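Q: Okay, here's the structure, questions in a sec.
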Amino acid sequence: MDEIISCVKRDYIIDLVKQGKRVDGRALDQMREAVVEKGLIKTANGSAKVKLGKTQVLVGVKLMHAEPFPDTPESGVLIVNAELLPLASPTFEPGPPRVEAIELARVIDRGIRESDAIDLDKLGIKSGEDVWSVFIDIDVLDHDGGLIDAAALASIAALTDVKPPKDEDWKLPEFPLSKLPVAVTVAKIDDRLVVDPCLDEERVMDARLTITTIEDGSICAIQKGGRGYFTREELEQAYDLASSKAMELREKLR
Amino acid sequence: MEKPEKLLIDGKRLDGRAPDELRPLKIKAGVLERADGSAYVELGNNKVFAAVYGPREMHPRHDQQPDSAVLRCRYSMAPFSVEDRKRPGPDRRSMEISKVTREALEPVLFLELYPRSVIDVFIEVLQADAGTRTAGINAAAVALADAGVPMRDLVSSVAVGKIDGTIILDLMKEEDQFGTTDMPVAIIPRKKVVTLLQMDGHFTKEEFKQALDLAFKGCEKIYEVQRQALKEKYAIKEGE
Amino acid sequence: MIHVQNREIVVPGQLIAEGNYRHLEGSYREGNKIYSAVVGLADVKGDRVRVIPLQGRYIPHVGDLVIGVVIDNHSSGWILDINSPYTANLFVSELVHRKVDLNKEDISKFLSIGDVVLASVKEVDEYMRVLLETPGRGMGKIKGGKLVEISPAKIPRVLGRKGSMLKVIESKTGCTLAVGQNGRIIIWGKDPERVNLAVEAILMIEREAHTSGLTDRVSLMLEKQREGGI
């Protein structure tokens, strides 16, 4: 069930955006404050909690033995899973993952996989039989919008937190992470672009665009969502916003 | 994990605790924005969130009770909360824990005040080190009070057990795994009645009584921390 | 015998009084003892004991002013979310104050999904089925304004004793407010900065509802903010 937003609130949010303002007082190109906390979970190899405004996401990374895929017998496996816990919102219900959770996991997966952030080729153990599997599990704790950005930041933060497992098959000096992909979402509300929409803004937006970039500003993943559309100019503007905001967020990973 | 030769050396446990000593306990009320009520509990290495939604409209409708609210509990463990990765979603163990958690909490709630509605309790274990169900109940009780749900009292919970022939309070993982007995208990502290009791292992009758006494003592301490957490949320901070 | 201080924050199960006291909201009796049932402020006056809750969902009572959001319609009216475990029913005749021939008139012109309605509770039955009516001036569909939602338990503080807090907010911000018992408040004002000032005051009341001297502090805050730029 989606939450119905009252017409009064909808009009109010749109009206504000028209004036270049936002419900929570931010500028259109301003992210909410992001707070990254690493190493909270001892049972995980790496973990991080990200607070993006009031949204809270916790990510745990586990390194486990697994069978390789037949076409890449010597490479490690990356698996990203997201749980929209019913704890996090009155609209999340227990049960099999909803399409939102699947989309969330897949967008994060693409950002990490397509940027070659993790050198999976180094995570083989025995060709065709045994490799390291990197499980990235995303637990959404409090949903006030911006889940993709918060989860992507928490995922990469958790990866930077990974300590090598105590296992005789682990031969590497450290976890082979070489890039820091960061996702930033831009929403379109009444033909204006706003960065990092909060939940109220997500409910009234026409469309959103998530762009994941790495350190040199190049793009490794894009996801458009929502019923509306973006013009060519808007796409370029969205990229400029997303890549510059990603730089700011990446600072939080240090 | 390898089995240690002894779990109790010179009257001290592996983490240095005395047999009747709780692990460090931290409780915070009102930690989640969206939930009607919430709490975070750290008990030793356990890290647990609880969120309460409701009373709210019951779906599906045919689950409604015409004369009272329904309490629903869902206990869940994050995939990264244990040494091996836990497959996400409910399994038989978590379904049973959800049920006994509900039954532990129901007796204190004035459910009859909210006909046809549902009160949802969600417990998420982020890091597990034995005693997650008791930590979850402690968190859920605080979260229910934080949500303003009318209740006769809080519910406090702790596990007791036996290692190397000695009755101990609040088992940690090694003691749970290699000890003789594990007995989670939940009580309504004011009335001194038990709302959850499970046990596996071995106790003589004397040991059982001794273990219950110890559980009641432990719960008293937990109760005080729970009450403090609720009061602290509204404490006026200096400088305000 | 009273076991708490007046206005002390109490928690469920806490002993408040022993003996011949009448117990009201937020408390319950066992034998001759009265305990708190909620987290709230103990309130003892004469032989009357109650606990003013600091949290909790809105439960409708006849006569309450509420602000609802239309979530569904049926042949003769609408279903409204009133920020409660229970939805409320508003029949078209209660909205337009005349007989409506449902075969001839299309009622969707009166209200659509998402519309906000100011109404009062006409009836609540034992199954918690709720009927609304819109008899007063300004009731019915709301146009414009900003909708704010706070914990319904804090609404009494937003109103204040005999509406004193509400008067302070309205006079210092120049805005008009409609305050629903169900935790929803609509603010109308020409200047968005002033509307935001009213919102800030409401959020301050929500945060500090359990403290005393709040009216003065809100008044002071509004004056300061007004000098500081607007």
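Where a number appears in this text, it was derived from the coordinates with a stated rule and is not lab data. Keep in mind that what you see is a predicted model, and the values were worked out from it rather than measured. Neighbour counts are summed over all protein chains in view; Cβ atoms, including those assigned to glycine, are modelled from backbone coordinates with ideal geometry.
Q: At 7 Å along the Cα-to-beta-carbon direction for both C:Arg226 and A:Leu235, put a label point, then send me their distance in nm to one decimal.
A: 5.2
Q: Determine, from the Cβ-Cβ distance of A:Arg203 and A:Ser178 and an R0 of 30 Å, the FRET efficiency 1/(1 + (r/R0)^6), rounded to the nearest 0.05.
A: E(calc), rounded to 0.05, equals 0.20.
Q: Working from the pairwise distances between different alpha carbons, so that the mean of 1/r is found and then inverted, what is the protein assembly as shown's Kirkwood radius in Å?
A: Evaluated over the protein assembly as shown, this radius sits at 27.9 Å.
Q: Calculate the tail of P(r) for chain B: the fraction of all Cα-Cα distances greater than 27 Å, expressed in %.
A: Working: 9893 of 28680 pairs.
Cα-Cα pairs in chain B separated by more than 27 Å: 34 percent.
Q: Any idea what the relative contact order of chain B is, in percent, if you count C-alpha pairs under 8 Å spaced at least 6 apart?
A: Computed over chain B, the figure is 22 percent.
Q: With +1 assigned to the C-beta of every Lys and Arg and -1 to the C-beta of every Asp and Glu, and no other charges, what is the dipole magnitude of the protein assembly as shown about the Cα centre in debye, to the nearest 20?
A: 2460
Q: Within the protein assembly as shown, what percent of beta bridges assigned by DSSP are antiparallel, to the nearest 5?
A: Of all bridge pairs located within the protein assembly as shown, approximately 85 percent are antiparallel.
Q: List the residues of segment B:3-43 whose backbone N lies under 20 Å from a point placed 7 Å from the Cα of B:Gln228 along the Cα-to-Cβ direction.
A: B:17-18, B:20-31, B:38-43
Q: Restricting things to Cα coordinates, could you compute the convex hull volume per residue of segment A:25-251 in Å³?
A: Given the Cα convex hull of segment A:25-251, per-residue volume reads 130 Å³.
Q: Can you give the FRET efficiency for C:Glu170 and C:Arg207, using 1/(1 + (r/R0)^6), R0 = 22 Å, r = Cβ-Cβ distance, to the nearest 0.05?
A: 0.65
Q: Past 26 Å, Cα to Cα: identify those pairs from A:Lys42/B:Lys233; A:Lys51/B:Lys217; B:Lys86/B:Lys221; A:Lys18/C:Lys143; A:Lys54/C:Lys172, in the order given.
A: A:Lys42/B:Lys233; A:Lys51/B:Lys217; B:Lys86/B:Lys221; A:Lys54/C:Lys172
Q: Now a separate question. Residues with beta-carbon under 11 Å from that of B:Asp153, excluding B:Asp153: net charge, scoring Lys, Arg +1 and Asp, Glu -1?
A: Here the count lands on +4.
Q: Still on this structure, I have one more. What percent do you get for the relative contact order of segment C:9-53 when only Cα pairs under 8 Å and 6+ apart count?
A: Relative contact order for segment C:9-53 comes out at 43 percent.
Q: Label segment B:123-222 by shape, choosing from rounded, prolate and oblate, from the square roots a ≥ b ≥ c of the eigenvalues of the Cα gyration tensor; if a/c is under 1.5 it is rounded, and otherwise prolate applies when a/b is larger than b/c, oblate when it is not. Let's see the in-between values first.
A: Working: a/c = 2.88, a/b = 1.51, b/c = 1.91.
The shape class here is oblate.
Q: Segment B:1-94: which trypsin sites (Lys or Arg not before Pro) are DSSP loop and have at most 14 other beta-carbon atoms within 10 angstrom? Don't jump to the answer; show the numbers that get you there.
A: Numbers: sites: B:Lys6, B:Lys12, B:Arg13, B:Arg17, B:Lys26, B:Lys28, B:Arg34, B:Lys47, B:Arg56, B:Arg61, B:Arg72, B:Arg74, B:Arg85, B:Lys86, B:Arg92, B:Arg93; in loops: B:Lys6, B:Arg17, B:Arg34, B:Arg85, B:Lys86.
Sites meeting the loop and neighbour criteria: B:Lys6.
Q: Moving on. What nm value, rounded to one decimal, do you get for the distance between B:Ser68 and A:Asp190 when each label is placed 7 Å out toward the C-beta?
A: Those two pseudo-labels are separated by 5.0 nm.
Q: Using r as the Cβ-Cβ distance of B:Lys217 and B:Glu112, and R0 as 45 Å, what FRET efficiency do you calculate, to the nearest 0.05?
A: Once rounded, the FRET efficiency stands at 0.85.
Q: Given contacts defined as C-alpha pairs under 8 Å and at least six residues apart, what's the relative contact order of chain C, whole-number percent?
A: So the answer I get is 15 percent.
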